[in-house]
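Engineer: The following block contains the structure, expressed as structure tokens.
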Amino acid sequence: MLWNTLILAMRAIRRNVLRSFLTVLGIVIGVAAVITMVTVGNGATQAVRDQIASMGSNLLMVAPGKTYGPGAEPAPNFKDADVEAIRTQIGNVQVVAPVTSKSITAVSQDRNWATAVTGSTADYFEAGNWELEDGRVFNEAEERAGKSVCVIGETVRANLFGQQNPVGSQIRIKQFSCEVIGLLKAKGQGAMGQDQDDTVVMPLKTVQRRLTGSQDVNRILISVRAGASIDAVKGQLELLMRERRKIAPDEDDNFRVLDTRQLVQMLTGATKILTMLLGAVAAVSLLVGGIGIMNIMLVSVTERTREIGTRLAIGALEHEVLLQFLIEAVVLSCLGGLTGIALAAAASVGLAGVMNVPFLFNPAINVLSFLFSGAIGVIFGYFPARRAARLDPIEALRHE
Amino acid sequence: MNAVEPLIRLSGITKTYGRGQAAFQALKGIDLDVAPGEFVAIMGPSGSGKSTVMNILGCLDTPDSGAYEFQRVHVERLTRNQRALLRRHYLGFVFQGFNLLARTSALENVELPLIYRGEPAAARHAAARAALAQVGLKGREDNTPSELSGGQQQRVAIARAIVTGPAVLLADEPTGNLDTRTGQEIMDLITALNRERGITVLMVTHEPDMAAYARRVVRFLDGRVESDGPNNPSSGPAGHLLPEGEGKTMRPSAAPGQA
């Protein structure tokens with residue numbers, strides 16, 4: 001019975017290939033969009049997680065201001081003394097690296113490159129999991145004296161020196177020139193999507209004196225000793241900072257301590273929300289696709305009124321006609337779903353490549369989308385099918 | 001006639017369309033018996049009730065009052081689905097407009113009623129091919145209706161009607177859309193089916209030439225049977241009422257014999 005009805009439905013679909021294809025185009029695009037969004041979104045989340053993991057899982061960062069991004073209230077920066085206090089008063093700390101950044105343009109001979117200078121200590125390289133490709137990092141004497149030396153990232157080297165080894169060369173930043181003493185190993189894209197290799201690192205004093213003109217420190221990186229509780233260190237840090245920044249007990253912090261775990265949560269949370277939003281938009285298009293199926297099926301029922309009348313006259317039962325139209329709708333939408341899944345696989349692989357995120361095949365969303373497309377066929381096919389089945393055969397046969 | 005159990009018996013059938021002022025009584029009490037193997041032409045002007053009675057005979061419509069017995073089953077008491085099953089197993093329909101499925105091969109069109117009967121594919125194909133051969137369309141199985149002439153399309157429709165081996169063939173103006181010559185060929189085919197396979201034929205027509213093929217003519221007027229009797233040979237083309245197998249009219253029916 002069901003098999004026979006399936007034959008009839010397949011024959012009806014085959015009779016009008018182009019219209020059938022256009023009918024399901026909405027479903028194809030909807031399913032493809034949902035799966036692609038979710039797959040690429042999951043890939044992006046994974047990429048963020050990987051990048052943060054490359055920073056090390058035992059890293060804490062202290063930054064001024066309670067919140068991050070626009071609308072944040074301005075809060076005072078840190079001083080050298082804060083860094084020293086952390087170093088001496090908090091246990092289980094491996095290294096403490098003060099960081100001050102400044103956007104600059106670096107010049108080498110006839111080439112120039114807009115980048116950011118980071119002023120810090122040699123500890124910065126340890127805290128940030130940096131390794132050297134060539135040369136060395138600055139020593140304590142250079143740090144204390146505020147010497148004009150720098151370690152550059154791969155991107156800066158590529159733009160200023162091409163394929164040449166930059167170690168020993170001079171680059172000019174603003175009014176002073178600076179000797180390149182080291183080249184960092186490439187790290188790739190950072191957690192925020194920034195290029196981590198687009199960096200010039202100098203001793204903190206050099207940046208403070210020659211570029212920012214203040215004793216301020218923008219951020220402090222702290223790497224916690226392996227095996228020690230990150231939360232405990234974090235708690236001590238917060239207490240110390242409140243004390244040093246003279247925050248009354250009823251006032252909120254005007255600084256924040258981020259750990260990499262939190263960063264993971266924050267950033268993956270953001271990408272997850274984005275993925276959900278895009279997926280929801282795509283799901284709406286799937287719904288619109290369903291309405292398209294209903295529309296075409298209704299037109300089809302009207303157009304095929306005489307055919308339905310003939311079927312009823314030669315002995316088709318009401319529920320057989322209903323089932324045939326329903327199966328037509330379901331078969332169409334399922335075919336659309338399968339096409340959408342194939343399209344999504346191609347689009348996801350392509351997009352993942354372009355966006356530089358891993359392609360993570362997600363069976364759940366594929367199965368879900370397919371089932372959803374089938375359900376759309378049932379829901380949006382039922383009304384037209386019922387309309388077909390309830391036709392009066394005499395009226396239907398007379399229909400022009 | 002009394003010795004033979006009637007296949008169809010209508011008694012006191014009435015049918016009214018609309019209500020109140022607009023009500024139109026299409027049938028005002030019809031009594032009609034049809035014995036197995038008869039070839040009955042139903043004639044009458046527009047609005048005489050011949051189409052209404054045909055719809056009731058075809059179990060597509062139900063009377064307001066009166067009884068319709070088909071092989072002693074009271075059709076007026078059946079449900080919509082039961083009437084559909086009755087159509088499926090006992091009736092074959094031929095329409096004025098052919099009503100074939102477009103973009104569908106002749107074979108698949110003829111197979112359609114068998115699909116509803118749940119016949120397996122092999123039996124279905126064989127039966128459909130045989131029916132097409134019987135109507136003289138051997139070799140045309142894969143043609144779609146648009147690739148066939150009007151007469152050939154009506155042959156496909158007839159094949160679809162007889163493929164299930166029905167007891168009754170209901171033909172509603174089967175030659176209405178065909179030219180005279182093709183119409184005569186179709187009538188020859190229907191006559192042959194009636195005579196050779198014993199299929200009871202009920203045909204609505206307004207063309208006396210076509211009614212002349214029938215052995216009995218029922219005339220309707222104003223919702224009543226005006227006259228009912230054996231065909232008057234003088235009103236039809238000469239030769240049609242000769243004993244079986246003798247006239248020039250049997251040409252198409254020779255085809256299955258040769259096949």
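The values are calculated or read from the model by the stated rules, or taken from the named source; none is laboratory data. Source: prediction; values computed, not measured. Cβ placement follows ideal geometry from the backbone for every residue including glycine, while neighbour counts extend to all protein chains displayed.
Engineer: Yes or no: the stretch B:2-15 includes at least one residue that is surrounded by 15 or more Cβ atoms within 10 Å (Cβ to Cβ) and touching a helix residue (DSSP H, G or I) at 6+ places or on another chain (Cβ under 6 Å).
Structural biologist: Yes, the stretch B:2-15 has at least one match.
Engineer: Taking B:ARG80 and the conditions (1) under 17 Å from B:ALA159 (Cα atoms); (2) at the interface with chain A (Cβ under 10 Å from one of its Cβ atoms), which numbered condition does it fall short on, given that it satisfies the others?
Structural biologist: (1)
Engineer: Just checking: which of the helices (runs of 4 or more DSSP H) contained wholly in the stretch A:68-173 hold 3 or more residues that are closer than 25 Å to A:LEU240 by Cβ?
Structural biologist: Passing ranges, in order: A:80-89, A:123-127, A:140-145.
Engineer: Using the structure shown, decide if B:LEU107 is out of contact with any strand residue (DSSP E or B) (no Cβ under 6 Å at 6 or more places or on another chain) and within 30 Å of B:ARG9 (Cβ to Cβ).
Structural biologist: No: the conditions fail for B:LEU107.
Engineer: Of all residues in the stretch B:136-166, how many are closer than 20 Å to B:GLU38 by Cα and buried (at least 18 other Cβ atoms within 10 Å of the Cβ)?
Structural biologist: 7
Engineer: Do any residues in the stretch A:1-27 that are more than 12 Å from chain B (Cβ to nearest Cβ) have Cβ atoms under 7 Å from those of residues that are hydroxyl-bearing (Ser, Thr, Tyr) and assigned to a helix (DSSP H, G or I), where the two are at least six apart or on different chains, and which pairs are they?
Structural biologist: From the stretch A:1-27, the pairs are A:VAL24/A:SER333; A:ILE27/A:SER333; A:ILE27/A:SER373.
Engineer: Here's a follow-up. For the stretch A:328-338, state whether one or more residues are assigned to a helix (DSSP H, G or I), on the phi < 0 side of the Ramachandran plot, within 14 Å of another protein chain (Cβ to nearest Cβ) and crowded, with 19+ Cβ neighbours inside 10 Å.
Structural biologist: yes
Engineer: Now for a separate question. Taking the condition free of Cβ contacts under 8 Å to residues at least 12 places away in the same chain, away from chain B (no Cβ under 14 Å), surrounded by 16 or more Cβ atoms within 10 Å (Cβ to Cβ) and not small (Gly, Ala, Ser), does A:ARG256 pass?
Structural biologist: So A:ARG256 fails the test.
Engineer: Yes or no: the stretch A:128-140 includes at least one residue that is within 18 Å of A:VAL217 (Cα to Cα) and touching a strand residue (DSSP E or B) at 6+ places or on another chain (Cβ under 9 Å).
Structural biologist: yes
Engineer: I would also like to ask the following. Take the conditions under 26 Å from A:GLN215 (Cα atoms) and β-branched (Val, Ile, Thr) and apply them to A:VAL137. Does it pass?
Structural biologist: yes
Engineer: Restricted to the stretch B:56-75, and to residues that are in contact with a Ser or Thr (Cβ under 9 Å, 6 or more places away or on another chain) and buried (at least 17 other Cβ atoms within 10 Å of the Cβ), which residue is nearest to the other protein chains (Cβ to nearest Cβ)?
Structural biologist: B:ASP61
Engineer: In the stretch A:266-323, what residues are assigned to a loop (DSSP other than H, G, I, E, B) and not basic (Lys, Arg)?
Structural biologist: Correct list: A:ILE314, A:GLY315, A:ALA316, A:LEU317.
Engineer: Given the criteria β-branched (Val, Ile, Thr) and either away from every other protein chain (no Cβ under 14 Å) or surrounded by fewer than 19 Cβ atoms within 10 Å (Cβ to Cβ) (or both), does A:ILE314 qualify?
Structural biologist: Spelling it out, it is not the case that A:ILE314 is β-branched (Val, Ile, Thr) and either away from every other protein chain (no Cβ under 14 Å) or surrounded by fewer than 19 Cβ atoms within 10 Å (Cβ to Cβ) (or both).
Engineer: Looking only at residues in the stretch A:357-393 that are within 14 Å of chain B (Cβ to nearest Cβ) and surrounded by fewer than 17 Cβ atoms within 10 Å (Cβ to Cβ), which one is farthest from the chain's Cα centre (by Cα)?
Structural biologist: Within the stretch A:357-393, the match that is farthest from the chain's Cα centre (by Cα) is A:ASP392.
Engineer: Here is a further query. Select, from A:ALA347, A:ALA389, the only residue that is at pLDDT 90 or above, more than 30 Å from B:GLN82 (Cβ to Cβ) and in the same structural domain as A:PHE21 (by TED's automatic domain parsing).
Structural biologist: The match here is A:ALA347.
Engineer: Oh, and also: Tell me yes or no: at least one residue of the stretch B:123-130 is part of a loop (DSSP other than H, G, I, E, B), closer than 22 Å to A:TRP3 by Cα and either in contact with a Lys or Arg (Cβ under 7 Å, 6 or more places away or on another chain) or within 12 Å of chain A (Cβ to nearest Cβ) (or both).
Structural biologist: No: zero hits.
Engineer: Right, another one. Being under 20 Å from B:ARG219 (Cβ atoms), part of a strand (DSSP E or B), free of Cβ contacts under 8 Å to residues at least 60 places away in the same chain and of a type outside the set (Phe, Trp, Tyr) is true for just one of B:LEU32, B:LEU27, B:LEU10. Which residue is that?
Structural biologist: Answer to the selection: B:LEU10.
Engineer: Now for a separate question. Out of the residues in the stretch B:96-110 that are outside any loop (DSSP other than H, G, I, E, B) and more than 9 Å from every other protein chain (Cβ to nearest Cβ), state the one that is nearest to B:LEU170 (Cα to Cα).
Structural biologist: B:VAL110
Engineer: Of (1) crowded, with 24+ Cβ neighbours inside 10 Å; (2) within 21 Å of B:PHE93 (Cβ to Cβ), A:PHE325 satisfies all except one. Which?
Structural biologist: The number of the failed condition is (2).
Residues are listed down the side, and each one gets a yes or a no for (1) more than 14 Å from chain B (Cβ to nearest Cβ); (2) farther than 30 Å from A:ILE29 by Cα:
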| site | (1), (2) |
| --- | --- |
| A:MET266 | yes, yes |
| A:THR271 | yes, no |
| A:LEU277 | yes, no |
| A:ILE293 | yes, no |
| A:ILE296 | yes, no |
| A:GLY309 | no, yes |
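Engineer: Hey, another quick one. Just one of B:TYR116, B:TYR90 is touching a Lys or Arg at 6+ places or on another chain (Cβ under 7 Å) and either of a type in the set (Ser, Thr, Tyr) or more than 13 Å from chain A (Cβ to nearest Cβ) (or both); which is it?
Structural biologist: On inspection, the qualifying residue turns out to be B:TYR116.
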